[in-house]
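The values are calculated or read from the model by the stated rules, or taken from the named source; none is laboratory data. Note that the structure is a prediction, hence the values are computed from the model and not measured. Glycine also receives a Cβ, built like all others from the backbone with ideal geometry; neighbour counts cover every protein chain displayed.
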Amino acid sequence: MRIAPFKIEEWMNKYEASAKYDLTTTCIKPLSVNELCKITDTNSNSIMDVALGYGDITGSLKLKNAIKGLYTNQKLENITITHGAIGANQLIFMSLLEKGDEVVSIVPTYQQHYSIPESLDANVKLYFLKEENNWIPDLDELAKIITPNTKLLCLNNPNNPTGAVIPDYMLKKIVKIAQDNNVWVLSDEVYRGLNLFGEPYSISVADIYQKGISVGSMSKTYSLPGLRVGWICAREDLINEINHQRQYNTISISALDDYFASIALENREKISERNFNILHNGYNILKTWAENEELVECIYPQGGTTALIRYLKDISSKELCKDLQEKTGVALLPGETLEMEGYVRVGFCADNLIKALEKFSEYLRD
Ligand SMILES: Cc1ncc(COP(=O)(O)O)c(C=O)c1O
């Protein structure tokens, strides 16, 4: 299978490790095993008793029950566990798509959502979010792009990189458009639970639509990207189809990952409390900085961990990011890797955010 280079992953592999100030990150300070045990009141000796077998093939009952608690309308049969959200997305595309199928993908987004369908010879239509709409889809435009020929709509809510959150009432309208055209909706919800304002959890597409497929993960909301645990929540016949594909690429996830993910989700309020302090602190720093920096423009994020910033300089985003990192040690993600030239992505939960943004400002002024 031929597939396009995964631009953000390639960029981060090259530049992230050597960054002094890493604003490419999308994570909220990953937890150590010690911190996780402390926050969740878990005796760390209990880890020694975890049996390192394959375990329950599609995920332990303990883990699936904890995941079920994140939804309003799901049974255990509607859930399967995957190697991160990246494994979840891949399995969904492999299970649903065939050559010639039409896919509408809302961009900017995680590149899997258009490059995997393209690699499967699907007919992919990109719908670009606009800054003037606060990075929220325009429903009239969307209604024109989605037709009965469309098989799958892909969206990411809250959105990476813009930090936009589709309001629940609007999500229901998007689902209605999909329903009228009998279209599956893949909603990548890895930042679900990180709405900065109001209810932290948006509604999940799987809870409101028969053909809604929700993808979740331990990586962002729960600060455990090193576990490599994700999941898919969808109607039972699709989950069975996905599990059929899954047998060829997963068997099971690591027993330790399953164990840690279960205790984290069973104590998710405690992790959320820790994370919301970091999230709001980062948001306030970003907003204060952007309000005072004339050489950038920003629609402030409403959720997730990233913001997409327009810089008012005549330089390509890749050149800017490369030069900035060489001169100051600050790593940003170039918009070009997200099909958004003229912008950079800032991970606002990064360490040393104030210092890094100061350095970015100095650089822009030079
Ligand atoms: C929108 C989105 N989907 C999926 C992933 C992959 O997440 P995971 O670490 O759970 O595989 C990421 C990672 O950055 C992401 O931002």
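The single residue among I47, I28 that is among the β-branched types (V, I, T) and within 30 Å of K14 (Cα to Cα) turns out to be I28.
The helices (runs of 4 or more DSSP H) falling completely within the stretch 236-298 that include 2 or more residues that are of a type in the set (V, I, T) and touching a strand residue (DSSP E or B) at 6+ places or on another chain (Cβ under 9 Å) map to 236-246.
Within the stretch 96-109, take every residue that is more than 18 Å from G212 (Cβ to Cβ) and within 16 Å of the ligand (Cβ to nearest atom) and give me the one that is surrounded by the most Cβ atoms within 10 Å (Cβ to Cβ). Only one residue fits best here, namely P108.
Contact map, the stretch 78-91: first residue more than 14 Å from I253 (Cα to Cα) and within 12 Å of the ligand (Cβ to nearest atom), second residue modelled with pLDDT of 95 or more and small (G, A, S), Cβ cut-off under 9 Å, separation 6 or more or different chains; pairs are N89/G230.
Considering the stretch 299-320 alone, what residues qualify as being in a helix (DSSP H, G or I) and either touching a residue at least 40 places away in the same chain (Cβ under 8 Å) or surrounded by fewer than 18 Cβ atoms within 10 Å (Cβ to Cβ) (or both)? Walk me through it before giving the result.
Of the stretch 299-320, the ones in a helix (DSSP H, G or I) are 317-320.
Within the stretch 299-320, K318, E319 meet the criteria.
None of G53, G59 is of a type in the set (G, A, S) and either more than 20 Å from G87 (Cβ to Cβ) or exposed (fewer than 14 other Cβ atoms within 10 Å of the Cβ) (or both) except G53. Contact annotation: residue pairs with Cβ atoms under 9 Å, 6 or more positions apart or on different chains, pairing a residue in the stretch 1-22 that is among the polar types (S, T, N, Q) with a partner that is surrounded by 17 or more Cβ atoms within 10 Å (Cβ to Cβ), are S18/Q325; S18/A331.
Got a sec? Which of F93, F6 is in contact with a Pro (Cβ under 9 Å, 6 or more places away or on another chain) and surrounded by 15 or more Cβ atoms within 10 Å (Cβ to Cβ)?
Values: F6 fails: in contact with a Pro (Cβ under 9 Å, 6 or more places away or on another chain).
Only one candidate passes the filter, namely F93.
Quick one: how many residues across the stretch 44-65 are among the small types (G, A, S) and modelled with pLDDT of 95 or more?
Filtering the stretch 44-65 for residues among the small types (G, A, S) gives 44, 46, 51, 53, 55, 59-60.
If we keep only those that are modelled with pLDDT of 95 or more too, we end up with 51, 53, 59-60.
Residues meeting the conditions: 4.
The set of residues from the stretch 237-258 being hydroxyl-bearing (S, T, Y) and either at pLDDT below 95 or under 17 Å from I79 (Cβ atoms) (or both) comprises T250, S252. With respect to K99, is the statement that it is modelled with pLDDT of 95 or more and over 23 Å from L171 (Cβ atoms) true? The answer is yes for K99. Taking the stretch 339-357 as the range and being under 24 Å from H113 (Cα atoms) and surrounded by fewer than 24 Cβ atoms within 10 Å (Cβ to Cβ) as the test, the residues that pass are E339, M340, E341, G342. In this structure, does L139 turn out to be closer than 18 Å to V205 by Cβ and within 19 Å of the chain's Cα centre (by Cα)? No: the conditions fail for L139. Of the residues I278, I251, the single one that is surrounded by fewer than 16 Cβ atoms within 10 Å (Cβ to Cβ) and away from the ligand (no atom under 13 Å from the Cβ) is I251. Of all the listed residues (K68, K130, K125), the sole one being more than 14 Å from the ligand (Cβ to nearest atom), closer than 23 Å to F260 by Cβ, without any contact (Cβ under 8 Å) to a residue 40 or more places away in the chain and under 21 Å from the mean Cα position of the chain (by Cα) is K68. Candidates in the stretch 16-26 are the residues that are within 16 Å of the ligand (Cβ to nearest atom) and surrounded by 19 or more Cβ atoms within 10 Å (Cβ to Cβ); of these, the one that is farthest from C321 (Cα to Cα) is T26. A single member of T250, T288 is out of contact with any Lys or Arg (no Cβ under 7 Å at 6 or more places or on another chain) and free of Cβ contacts under 8 Å to residues at least 24 places away in the same chain, and it is T288.
Of all residues in the stretch 199-226, none that is in contact (Cβ under 8 Å) with a residue 12 or more places away in the chain and assigned by TED's automatic domain parsing to the domain that holds T25 has its Cβ atom under 7 Å from the Cβ atom of a residue that is more than 9 Å from the ligand (Cβ to nearest atom) and aliphatic (A, V, I, L, M), 6 or more apart or on another chain.
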